[in-house]
Structures are given as C-alpha cells and as structure tokens.
Amino acid sequence: MALPTVMVLPMLIVVAAGIYYIYNEIIQYMSKSMVKNKVVVITDAVSGVGSECAHHFHKGGARLILCGASWDKMESLYDTLTSGADPRVTFPPKLVLLDFSDMDSMPDVVNEVVECYGCVDILVCNSSMKLKAPVHTVSLELDRNIMDINYFGPSTLAKGVLPVMMSRRSGHILLVNSIQGRLAIPFRTSYSASKHAVQAFFDCLRAEVEEYGIVVSTISHTFINAAVPSTPPAKPQGLPTFGVRPADLANEIMRTVSRKKKEVLLAHPIPRVALYLRSFFPTFFFAVVAAGVKDSAMAEQMQ
C-alpha cells in the first residue's frame, strides 16, 4: 500500500535528521579516538571554550597540558576532570601558569610546556582579550596589552613548540580566532587589529611548515555567547541569537583536529554576508558601516 503523498516529506525529514545525527556521533567518536595518547596544549583552559575543550580531549585520552593565568581556577578544573575519571583511559592533566600579558616569562613557559612530555602534538591557542571603545580613548599601553595577549603571545608559543614538531615531522597548531580577524568593525580598532595580525601570522605559518607535516588551522567565530545554555529556551521575543556557544566551538575544534581542516568560519548568515560584501562590494560595505556609526551617535545624543 503506497504512502499518502502528504506523509512523504515528513518521513524524508525524519530520515535525514536521523542520518545527520548518526553522522555527527560517528565524527565525534572518531575525533576522540584521533587524540588518544596525544600531547595537547590548551591556552586559557579555564575559559568557557578552554574548559569545554579540556573535557573533550580528556575524555578522548589525550595527555593534557592546561595553561592559564589563574592557578586556583586551573586546580579547580583539574579536580573536575580527574574526579571519577577512569585512569585506564585518561591521564591526569599537567598545569602550567601562563599569562600572555607577561611576555618576559614566555621563554620559561615554553620550556616548561615542552618539558612536560618532551613533545607537543596539538597546540590549541585559545586566549583572547576583547575591547570595545572609541579609538581616541584607547591608550598606547592598552593597545600593547591587547597585542601581547592576542598576537605576540600565541605567535611566540607557536614558535616555541615548532622545533619539536619539525624534528618529529608532525603536529597540529590550531588558532581559535575571531571573525574580526577577517572583518573590521567600528569601536574594535585594537581588538580587530590584533586579530588581523594573528590571522596573517598563522596563514603564513601554514605554508612554511607544511613540508614538515605540520597542520595549521584557524577557526574564525562570532562572539562567544556563554549565556546561551546547551538547550536554549523558547524566546517569546522571536529574536535570533547570533553568538556561538562554547560547547559548539569546542565540538568544532575537535572536528577540525580530526579532519585536519585548514580554515573554518563559524558564523551565522548575517556575519557571512557582511564578509562577502566586504570582499566583493567594499564601497557599499564601508557606507553601511559608516551609516551605522552615525545612527549610533545620533541615538546617544537623543537620550
């Protein structure tokens, strides 16, 4: 007996959703198996994204080296990871105090990271400092601090682990970057400049180290929306949420490591459209952005 035509489309949707779910489960399983016994360094491990990554890699059996500026928070994360963990399939993480705003300490930090296991298989550069302010209010000291944390820190750490990766002719360096490394918007001058700089550094690095079997990946995402729960509640206002949840970004990091993807854009349609307009219709894009700044200034004057 043939199915009614009205039943065909819903069944196709259900089947497609089931296949997609199974595919994602397989990919997540493969991602975890790919990191087993690998030495993985995660910077700013106590942040939302860093913590999610730490849980994923730890469950996958990676030998974690967690880096952060707060020793107390790292110890708390250590306790969370090791509590109830099976010692037959997981390793207790090693902790390294790392503060990119203190660049003088970087040589010692690099040595400590490498000495933990004698090598590094995967480096996840996750640290970031954000700033939103009119350009004329930003001091030179703040400019330098942002460049230290967002550019000089990750690039210095990457250069520090390169010799051991090159000698073993393997490794994966992954930069968690912002879409503002590819698209500059007003009132983020210092932040966007630092993100453009680090994006260019890792793009250049990718070509230089490919012959050594080292993979360099960049993930450009929109703003991190830590307030969005894993299962967002219904929004009576009907307003979309354009932020990226830490859990989703961590899953994408795992997939990028597994598939060795070189570049990932994790953004909703509106930022993607803005990026395309900037590339193909720059004059129009500049006019729209300038108009937005004027409207914002006028709204502030009217308040």
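The values are calculated or read from the model by the stated rules, or taken from the named source; none is laboratory data. Just so it is clear, the model here is predicted, and its values are computed rather than measured. Here Cβ is always computed from backbone atoms with ideal geometry, including for glycine, and neighbour counts include all displayed protein chains. Each accessible area value is taken on the protein alone, full model and side chains, heavy atoms only, with ligands, DNA and RNA left out. Shrake-Rupley method; radii C 1.70, N 1.55, O 1.52, S 1.80 Å.
Using the average count of surrounding beta-carbon atoms within 10 Å as a protection proxy, the listed peptides 197-205, 58-66 rank, highest first, as 58-66, 197-205. Taking all protein chains as they are arranged and a probe of 1.4 Å, the heavy atoms of Tyr117 leave approximately 70 Å² accessible to solvent. Compute the label zone of Tyr117 within region 143-173: residues whose backbone N is under 13 Å from the point 7 Å along Cα-to-Cβ. 165, 171-172, by backbone N distance to the label point. Per-residue 3J(HN,Hα) values for region 284-290, derived from phi via the Karplus relation 6.51 cos²θ - 1.76 cosθ + 1.60 with θ = phi - 60°, read 5, 4, 4, 5, 5, 5, 5 Hz in sequence order (x marks Gly and Pro). Take Thr283: with every protein chain present and a 1.4 Å probe, its accessible area is about 110 Å². As a rough guide to protection, the peptides 126-133, 251-258, 99-106 ranked by mean Cβ packing within 10 Å, highest first, stand as 251-258, 126-133, 99-106.
Within region 167-211, find all residues whose amide N lies under 12 Å from a label point positioned 7 Å from the Cα of Thr137 along Cα-to-beta-carbon. Flagged as within label range: 187-188. Under a 5 Å amide H cut-off, with hydrogens placed 1.01 Å from N, Ala62 pairs with Asn37 among residues at least 5 apart or on other chains. A crude spin-label estimate for the pair Asp102 and Thr82, with each label 7 Å from Cα along the Cβ direction, gives 2.3 nm. Paramagnetic label reach from Lys260 (point 7 Å along Cα→Cβ; backbone nitrogen cut-off under 13 Å): within region 202-226, residues 210-217. Multiplying the residue separation of Val14 and Lys130 by 0.36 nm and subtracting their alpha-carbon distance yields 37.6 nm.
If you average the sequence gap of Cα pairs under 8 Å that are 6 or more apart and divide by the length of region 126-187, what percent do you get for the contact order?
Details: 20 pairs, mean separation 33.8, N = 62.
After rounding, I find 54 percent.
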